[in-house]
Amino acid sequence: MLKKLEDSVGRIENVCCDTEYRGKGLAKQLLDEVFSFAIQTLNLEKLQLGTYESLGRAINFYLKNGFVEKEELRDSTTHARYYEMILN
């Protein structure tokens with residue numbers, strides 16, 4: 001789920017949630033744990049992730065939680081969007 005790419009950059013990969021658990025705050029709790037681990041254990045400064053533009057709910061979640069779209073990385077052939085967050 002969390003992969004270290006470089007000394008200060010990590011990528012969140014392969015995140016999914018069964019529909020019966022959506023809307024219960026579990027994704028936010030998981031993301032907070034990932035942030036803590038990324039900062040405290042891996043000493044990361046940035047997190048990146050990718051998703052498909054058809055997953056509007058996921059995109060809204062990422063934006064609401066501090067990620068910004070990196071339009072220069074957008075892939076028009078797969079309709080993938082990429083996001084990044086600077087960790088404090």
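Of the beta bridges in the chain, as assigned by DSSP with both residues counted there, near 75 percent are antiparallel. With mean projected area of the Cα convex hull in nm² as the read-out, I listed [x] 6.3; [y] 5.8; [z] 13.2; which label goes with the value calculated from this structure? Computing mean projected area of the Cα convex hull in nm² and matching it to [x] 6.3; [y] 5.8; [z] 13.2 gives [y]. Here the dipole of the chain is about 240 debye; that uses its Cα centre as origin and unit charges on the Cβ of Lys and Arg (positive) and Asp and Glu (negative). Work through the residues other than Cys17 whose Cβ is under 12 Å from its Cβ and net out their charges, Lys, Arg +1 and Asp, Glu -1. After counting each charged neighbour, the total is +2. Multiplying the residue separation of Glu72 and Tyr52 by 0.36 nm and removing their Cα-Cα distance gives an extension gain of 5.7 nm. Packing-based ranking of 47-58, 20-31, 3-14 yields 47-58, 3-14, 20-31, ordered from highest to lowest mean Cβ neighbour count within 10 Å.
Amide H contacts of Leu2 (H built 1.01 Å from N, in plane; Pro and chain starts excluded): Glu13 sit under 5 Å, all sequence-distant by 5 or more or on other chains.
Laboratory data are not the source of any read-out in this text; all were calculated from the coordinates shown. Keep in mind it's a predicted model, so treat the numbers as computed, not measured. Glycine also receives a Cβ, built like all others from the backbone with ideal geometry; neighbour counts cover every protein chain displayed.
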